[in-house]
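Notes to accompany the following structure.
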Amino acid sequence: MKKYLSLCIEIEETIARVYRQMAKSTKLPGELKTLLQTLAEEEDDHAMQLRFALRFPAGAAMVDKPYDRTAAQNLLNRAKELYKKTCQHECDLNQAIETGIELEEDFCQAHIGNSMEFRDENLKKMFAALAQDDKIHSQKLLDARTRFLG
């Protein structure tokens with residue numbers, strides 16, 4: 001369980017780095033750069049919340065069982081690859097928006113809140129809120145697509 005949570009933390013941190021790197025692009029309007037920076041900060045906050053869950057002893061707040069980390073590992077690998085690409089090439093408006101939408105939608109599918117059973121009600125609420133934040137991020141990016149790409 002701790003390995004799975006650690007993997008999820010790394011995903012959140014990597015996605016935050018992708019957003020920050022994309023926000024550096026000179027090809028993007030200031031408003032989109034601000035949105036990407038805000039999303040990066042929120043992803044960092046998600047990582048911090050996941051670190052909180054790591055403090056619980058195994059089995060105390062969560063059902064302690066093996067978790068299939070394949071989907072999460074695949075998402076992390078993809079996020080790392082996207083980060084490399086964004087470091088090598090400035091992304092344009094379409095790439096920034098579409099990449100963000102893809103990350104948020106995929107992460108929502110692989111989100112820890114959908115794959116773990118919690119004993120602690122506060123943790124259930126926290127992970128439900130994280131999943132909801134992913135949906136909100138996706139909607140903000142969809143709105144940006146409509147605004148900037150028509």
task: Would you mind finding the one in GLN139, GLN95, GLN132 that is within 20 Å of ARG51 (Cβ to Cβ) and at pLDDT 80 or above?
output: GLN132
query: Does LEU28 qualify as being of a type in the set (A, V, I, L, M), outside any helix (DSSP H, G or I) and more than 17 Å from the chain's Cα centre (by Cα)?
result: yes
task: Could you list, in sequence order, all residues of the stretch 1-25 that are outside any helix (DSSP H, G or I) and touching a Cys at 6+ places or on another chain (Cβ under 7 Å)?
output: SER25
statement: Per the list (1) of a type outside the set (Gly, Ala, Ser); (2) closer than 14 Å to LEU50 by Cβ; (3) in a helix (DSSP H, G or I); (4) modelled with pLDDT under 75, residue check on MET116 breaks on (3)
- line: Residues in the stretch 35-67 that are over 12 Å from the mean Cα position of the chain (by Cα), of a type in the set (A, V, I, L, M), surrounded by 16 or more Cβ atoms within 10 Å (Cβ to Cβ) and modelled with pLDDT under 90 total 3
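The values are calculated or read from the model by the stated rules, or taken from the named source; none is laboratory data. Just so you know, these numbers come straight off a predicted model, no measurement behind them. Every residue, glycine as well, gets a Cβ built from its backbone with ideal geometry; the counts of neighbours run over all protein chains shown.
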